[in-house]
Number of protein chains: 2
Amino acid sequence: MEKLFQVVDQRLAGYLEQLKAFLSMPSVSADPENKAITADTARWLADHLKSIGFPTAEIYPTEGHPILFAHYPGPAGAPTLLIYGHYDVQPVDPLNEWVTPPFQPDIREGRIYARGASDDKGQLFAHIKAVETVLRETGSLPVSIKLLFEGEEEVGSEALGKWLPAHKDLLACDVLLISDGGMIAKGQPSIDYGLRGLVYMQVEVEAAKSDLHSGSFGGAVANPINVLADILTSMKDKKNRVKIAGFYDDVLPISPEEKANYAKLPHSDKQFLKDTGAPKLFGEKGYTTLERKSARPTLDANGIWGGFAGEGAKTVLPARAGAKVSMRLVPNQDPKKISDAFRAHVAKVAPKAVRVKVSEFQGGLPFICPLTDPALQKAAQALTMVFGKECLFGREGGSIPIVADFSALLKAPVVLMGFGLPNENAHAPNENFDLDNFSKGIKSSIAYMHLLAEK
Amino acid sequence: MEKLFQVVDQRLAGYLEQLKAFLSMPSVSADPENKAITADTARWLADHLKSIGFPTAEIYPTEGHPILFAHYPGPAGAPTLLIYGHYDVQPVDPLNEWVTPPFQPDIREGRIYARGASDDKGQLFAHIKAVETVLRETGSLPVSIKLLFEGEEEVGSEALGKWLPAHKDLLACDVLLISDGGMIAKGQPSIDYGLRGLVYMQVEVEAAKSDLHSGSFGGAVANPINVLADILTSMKDKKNRVKIAGFYDDVLPISPEEKANYAKLPHSDKQFLKDTGAPKLFGEKGYTTLERKSARPTLDANGIWGGFAGEGAKTVLPARAGAKVSMRLVPNQDPKKISDAFRAHVAKVAPKAVRVKVSEFQGGLPFICPLTDPALQKAAQALTMVFGKECLFGREGGSIPIVADFSALLKAPVVLMGFGLPNENAHAPNENFDLDNFSKGIKSSIAYMHLLAEK
């Protein structure tokens, strides 16, 4: 392995030149005029893969931007590692805030500046360079490698979502590796092994047909704002636990191993309060801040409206009011079961003096890769080896629906091995990627292939 | 009295011509360009009062539109009746919906059509014609009559509010009569003897400094919408009683006489539900619909806002949310005491994980003229005599702050004797006034003067 790492160091300048060429392609997926450019980028990538030895690199046209799939078979009986990434990038506005043009990659102070440098071209390319390094030095790979690169991640992965089910066999693998995220801090490797799911509902309450005068009618007709407030309040108890029947039934408890991991993560409640500006912590009793915001399910109103919200006083008894309410789910909660329970709860608590409508927006499954999974442990081992510091495990409170979808479809562990750093301006002007993480990313990928090949 | 009523009938055509002249003056107070016109109208009224025998009719200029005061002394020891009205009118938009122009009074189908016909020039003028009739027939009045006409009722009576305290002695009276409202239905005289007061508050809740991602932060930071909902819910119990400490302490209970009166009022819960479109009645347990909406205090949210209220789903944990909450008060609740209790309640229930700001808008005192007050009973007697049907007593759920202000300042009973009818389009195109009510209004005023003079 040391030998391979040395080769990476020797070839790094050349790899960076290739990365520059990749980054100079303006593959902004949000722009519908850009189809020729994303097609060119996918073709460039496919050609590049073939040039480094992939027997095939297939481009799948879609209604949107193309999907690229390549496969390099490993030894008989070796496990298959599927690596996911995306070659599309965010728009570049505001362009005038860029120090150097977004599609003219520039290296300064140990970073490469360009749109897509960190999210996700640089990360994706590190894995390609890992494969290339191993192939050129040893003539083969210790595992089978499958690559899946899409061109619509920044606009919702619609084409991929449609494409996946029919290509389940093509993607069959033992581990799915996603490098489209980050690590806690420079020099501190970490892996997010869990994501929360999402159920997003809307509740609308109507009493009278039209707005009424609060003097002439107040006291005789239900007030939809007050009723809506009662409905929201009924959903939580004083300990900030969700009171919807069955809500916690399937929740996977936080294991002692996880508790131990949480304790290792850098976090200060004091700093957290300073960063958010909140006067005091809040949430479900019995759990730490990090646990509450990543490993425990929540219920939050995301918006509310009704009646008069302008300046001054208007004595209206409004006809209707509404709220958006979302629930972050944790493994093994089922979004469908939770949304049904939510509907049942509203139906139960809403008084007969109002009409209530409950609707639902697109949600997503929660995801977890068990801490004990060898695929996860080996990934951490690879990172620890390359970065020279113990890899930490975290759970992310947000949702990446495609991860849970992959996990459910492929029935394989999903490892989120991210090399981005917190201040790399993904989605903002002057996006950049740490060069040290680029080379360590290549090495981590090499190390992971070899560790996976070990029985 | 019969004789005087006959004279009214004989002179009605002439009185109507004079009313037309009064109605043809476009005294729209909302238009700041209209000062010359309102000044003309006040002068016309003053001249008219002098022409029918008032020794003086004083015009008080204000920063806005002028106030007119006139006094005709009665016999020594006779009570003084102060009559309030307003000569300003609402704007006329949308002009194209008027069948005949708003300031070219037109008589058709027993009604006179013009802006201000019902609200309030026609009603005010009926009292002037009552005085004129009595003066011309008998050479004197049975009571002292004071007239107070303002020109800013439709824009908030600001000038009158400032003027009143310094003119308390000038306005000293035994009864204040206000004819700026209506009766239940044509042919059914009624008097509103109570009005609710108002306290109007705003509650703003802030948790974090700025909006946060509900995935990354949900569960760790308070949600201002949920907290606001909890605060609103904490204000009422399951029987729809207000839970703010001390809220009901000073509430005047509904007397058995009032209960009996309420029972006489035309009301159908079924029709009420049909009119409002509400699926079911709602409100404080133990009271009828009419009682709840006029004689019992209420608490209603008038508006609420916070977070994302657009189409679709946005996973925001909002930084702040707010609501407007008003309380209708009944005698003898004190707005100051209630707003203090409201603030204390919010301070008590709000969790320390949020910052809360409570502010207050202009409110108003509740008002009641006790049912047993002779001034009220004699007014009802006058109406019963003229209309030939028993006068009913009602309480109005809305607030007219100036009425309570008058009542508090003058320490005299206030009688709301209105001659408007429900479908006279006050504040709307094609405003009109029933001619039968115009003549019965004159007669009722004559009858009232005489009844008040009786010991």
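Every read-out reported here was derived from the displayed coordinates using simple, explicitly stated rules and does not represent laboratory data. These figures come from a predicted structure and were not determined experimentally. Positions of Cβ are backbone-derived with ideal geometry, glycine not excepted, and every protein chain shown enters the neighbour counts.
Compute the length gained on full extension between A:ASP211 and A:THR56: take 0.36 nm times their separation in residues and subtract their Cα-Cα distance, giving the result in nm to one decimal.
Numbers: separation 155, 0.36 × 155 = 55.80 nm, distance 6.59 nm.
Fully extending the segment from A:ASP211 to A:THR56 adds 49.2 nm.
Take the cross-link list A:LYS348/B:LYS324; A:LYS209/B:LYS20; A:LYS168/A:LYS378; A:LYS239/A:LYS411; A:LYS270/B:LYS314; A:LYS20/A:LYS168 and give me the ones stretching past 30 Å between alpha-carbons. Don't jump to the answer; show the numbers that get you there.
Working: A:LYS348/B:LYS324 27 Å; A:LYS209/B:LYS20 39 Å; A:LYS168/A:LYS378 25 Å; A:LYS239/A:LYS411 37 Å; A:LYS270/B:LYS314 28 Å; A:LYS20/A:LYS168 33 Å.
The pairs that break the limit, which is 30 Å between Cα atoms, are A:LYS209/B:LYS20; A:LYS239/A:LYS411; A:LYS20/A:LYS168.
Got a sec? Charge dipole of the protein assembly as shown, +1 on Cβ for Lys and Arg, -1 for Asp and Glu; which of A:PHE247, B:GLN381, A:ALA13 is way out at the positive end?
Going by the charge dipole, the pick is A:PHE247.
Which of the GluC sites (Glu not before Pro) found in segment A:1-109 are loop residues per DSSP with 10 or fewer other Cβ atoms within 10 Å of their Cβ?
On the way: sites: A:GLU2, A:GLU17, A:GLU33, A:GLU58, A:GLU63, A:GLU97, A:GLU109; in loops: A:GLU63, A:GLU109.
Sparse-neighbourhood loop GluC sites (Glu not before Pro): A:GLU63, A:GLU109.
Considering the convex hull of the alpha carbon atoms of segment B:103-146, report its projected area averaged over all viewing directions, in nm², one decimal.
On the way: hull surface 16.7 nm².
Over all viewing directions, segment B:103-146 projects a mean Cα-hull area of 4.2 nm².
Which value, in debye to the nearest 20, describes the size of the charge dipole of the protein assembly as shown about its Cα centre when Lys and Arg Cβ atoms bear +1, Asp and Glu Cβ atoms bear -1, and nothing else is charged?
On the way: 100 positive and 108 negative charges, 590 e Å.
With only Lys, Arg, Asp and Glu charged at Cβ, the dipole is about 2840 debye.
Defining a contact as two alpha carbons under 8 Å apart and six or more residues distant in sequence, what relative contact order in percent does chain B show?
On the way: 917 pairs, mean separation 117.3, N = 455.
It comes to 26 percent, rounded to a whole number.
Can you pull the three principal axis extents for the Cα set of segment B:130-271, in Å, largest first?
Answer, in whole Å and largest first: 86, 41, 31 Å.
Treating the beta-carbon of each Lys and Arg as +1 and of each Asp and Glu as -1, no other charges, what is the dipole magnitude of chain A about its Cα centre, to the nearest 20 debye?
Numbers: 50 positive and 54 negative charges, 344 e Å.
Charge dipole, chain A, about its Cα centre: 1660 debye, nearest 20.
If you project the alpha carbons of segment A:134-195 onto their three principal axes, what span does each projection cover, largest first, in Å?
35, 35, 21
What whole-number distance in Å separates the alpha-carbon centres of segment A:165-199 and segment A:107-142?
For segment A:165-199 versus segment A:107-142, the Cα centre distance is 18 Å.
With +1 assigned to the C-beta of every Lys and Arg and -1 to the C-beta of every Asp and Glu, and no other charges, what is the dipole magnitude of segment A:112-194 about the Cα centre in debye, to the nearest 20?
Values: 8 positive and 13 negative charges, 54 e Å.
About 260 debye.
Scale the Cα Rg of segment A:52-112 by the rule-of-thumb value 2.2 N^0.38 Å and send over the ratio, two decimals. Mind showing how you got there, number by number?
Details: Rg = 17.8 Å, N = 61, 2.2 N^0.38 = 10.5 Å.
Normalised Cα radius of gyration, segment A:52-112: 1.70.
Would you mind listing how long segment B:33-175 runs along its three principal axes, going by Cα atoms, in whole Å with the largest first?
53, 37, 23
Nearest 0.05, what FRET efficiency do B:ALA21 and B:ASP250 give at R0 = 51 Å with Cβ-Cβ as r? Spell out each step's value before the answer.
Details: r = 48 Å, r/R0 = 0.95.
E between B:ALA21 and B:ASP250, to the nearest 0.05, is 0.60.
Mind checking which aspartates and glutamates have their Cα closer than 18 Å to the Cα of A:LYS238? Skip sequence neighbours fewer than 8 apart in that chain.
Hits, sequence-local ones excluded: A:ASP230, A:GLU284, A:ASP300, B:ASP230, B:ASP237.
Kirkwood Rh over Cα pairs of segment A:280-401 into Stokes-Einstein at 4 °C, 1.567 mPa s: D in µm²/s?
Working: Rh = 18.5 Å.
In µm²/s, the coefficient is 70.
Give the Rg/Rh ratio for segment B:402-453, taking Rg as the radius of gyration of the Cα atoms and Rh as the Kirkwood radius, to two decimals. Could you put the intermediate results ahead of the total?
On the way: Rg = 14.4 Å, Rh = 13.3 Å.
Here Rg/Rh amounts to 1.08.
Do me a favour and compute the ellipsoid semi-axes for segment A:362-438 from its Cα gyration tensor, root of five times each eigenvalue, largest one first, whole Å. Kindly include the intermediate steps, with their values, before the conclusion.
Working: eigenvalues 112, 82, 19 Å².
Listed largest to smallest, the semi-axes of segment A:362-438 are 24, 20, 10 Å.
How many Å³ per residue does the convex hull of the Cα positions in chain A occupy? Write out the running numbers ahead of the final one.
Numbers: hull volume 80.7 nm³, N = 455.
Value for chain A: 177 Å³ per residue.
Taking the Cα atoms only, what angle lies between the long axis of helix A:35-51 and the longest principal axis of chain A, rounded to 10 degrees?
So the inclination is approximately 40 degrees.
Tell me the volume per residue, in Å³, of the convex hull enclosing the alpha carbons of the protein assembly as shown.
Values: hull volume 175.1 nm³, N = 910.
Dividing the Cα hull volume of the protein assembly as shown by its residue count gives 192 Å³.
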